[in-house]
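Please read the structure below before turning to the comments.
The values are calculated or read from the model by the stated rules, or taken from the named source; none is laboratory data. Being a predicted model, the structure only gives us computed values, none of them experimental. Glycine gets a Cβ as well: all are built from the backbone with ideal geometry, and neighbour counts include every protein chain shown. Only protein heavy atoms, including side chains, enter the accessible area calculation; ligands, DNA and RNA are left aside. Shrake-Rupley method; radii C 1.70, N 1.55, O 1.52, S 1.80 Å.
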Protein chains: 2
Amino acid sequence: MDKVNLTQKFASFSEHFQQHIVGELNGQEVKIAKVKGEFIWHHHEDADEMFLVVKGNLTIQLRDRDVHIGEGEFFIVPRGIEHRPVAAEEAHIMLFEPANTLNTGNVRNERTYEATRA
Amino acid sequence: MDKVNLTQKFASFSEHFQQHIVGELNGQEVKIAKVKGEFIWHHHEDADEMFLVVKGNLTIQLRDRDVHIGEGEFFIVPRGIEHRPVAAEEAHIMLFEPANTLNTGNVRNERTYEATRA
């Protein structure tokens, strides 16, 4: 494989809350997304999910608190925990989670997006 | 768990080529390290290894080529592939790999360092 430049990968799409696969290793996937606005409440039954902010600010709402993540910070949502990503302004994030984890977790609706390779 | 601030974590140690665990998910570990100079040639029999450069520049030497990774770039070394990380100046890197992956892979010598929690 070749190295991956995150800035170039982020420049290759513009939609919000669509995940793009940029790396695969050990049954896990590295994904990136641009987010703005409110996503939906969901959880992943069998997958811990890591959110790393590359640019901007992201809030991970949990049922009992909000976690604010800035550039160079990450947060891991444990499996089974309901969460909702929210960003007032566009943020660029990197995700790390098992392959084939659905963006909407236990929910399947119009926000569901099958991740594609960026 | 709480969010993790990478800048704060990097400020908590100064040794080179020592890996510090900053996150755990799905049987994988997120580690950080400061690197400067040449590491040793090694491979990981059963682990793909991702190197993301947070600050500075890193070269991953492979037997047939060198891969130069700058800030905001990453490279995944597939399992079984011999590699040697090299950095002329101090670089800060983040690693993703299965839990309990040894930094020196198939080699165990004075450069071997059991990763600790940062």
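If you take the residues in the stretch A:1-48 that are away from chain B (no Cβ under 14 Å) and among the acidic types (Asp, Glu), which one is most open to solvent (accessible area, probe 1.4 Å)?
Selected residue: A:38.
Being on the phi < 0 side of the Ramachandran plot and modelled with pLDDT of 95 or more narrows it down to one residue among A:107, A:30; which is it?
A:30
How many residues does the stretch A:49-68 contain that are at the interface with chain B (Cβ under 9 Å from one of its Cβ atoms), of a type in the set (Val, Ile, Thr) and open to solvent by less than 20 Å² (accessible area, probe 1.4 Å)?
Adding up the residues that qualify gives 2.
Filter the stretch A:37-65 down to residues that are closer than 11 Å to residue A:94 by Cα and not acidic (Asp, Glu) and give me whichever is nearest to the chain's Cα centre (by Cα).
Residue satisfying both the conditions and the ranking: A:51.
Criterion first (farther than 28 Å from residue B:51 by Cα and charged (D, E, K, R)) does residue A:82 satisfy it?
yes
Kindly indicate whether any position in the stretch A:92-114 is within 9 Å of another protein chain (Cβ to nearest Cβ), of a type in the set (D, E, K, R) and open to solvent by 20 Å² or more (accessible area, probe 1.4 Å).
Within the stretch A:92-114 (the criterion being within 9 Å of another protein chain (Cβ to nearest Cβ), of a type in the set (D, E, K, R) and open to solvent by 20 Å² or more (accessible area, probe 1.4 Å)), the answer is no, since none of the residues qualifies.
Give me a count of the residues in the stretch A:69-91 that are open to solvent by 20 Å² or more (accessible area, probe 1.4 Å) and within 16 Å of residue A:37 (Cβ to Cβ).
Within the stretch A:69-91, residues that are open to solvent by 20 Å² or more (accessible area, probe 1.4 Å) and within 16 Å of residue A:37 (Cβ to Cβ) number 5.
Restricting attention to the stretch A:40-93, and to residues there that are in contact (Cβ under 8 Å) with a residue 24 or more places away in the chain, of a type in the set (D, E, K, R) and out of contact with any strand residue (DSSP E or B) (no Cβ under 6 Å at 6 or more places or on another chain), which single residue is farthest from residue B:31 (Cα to Cα)?
This residue is A:89.
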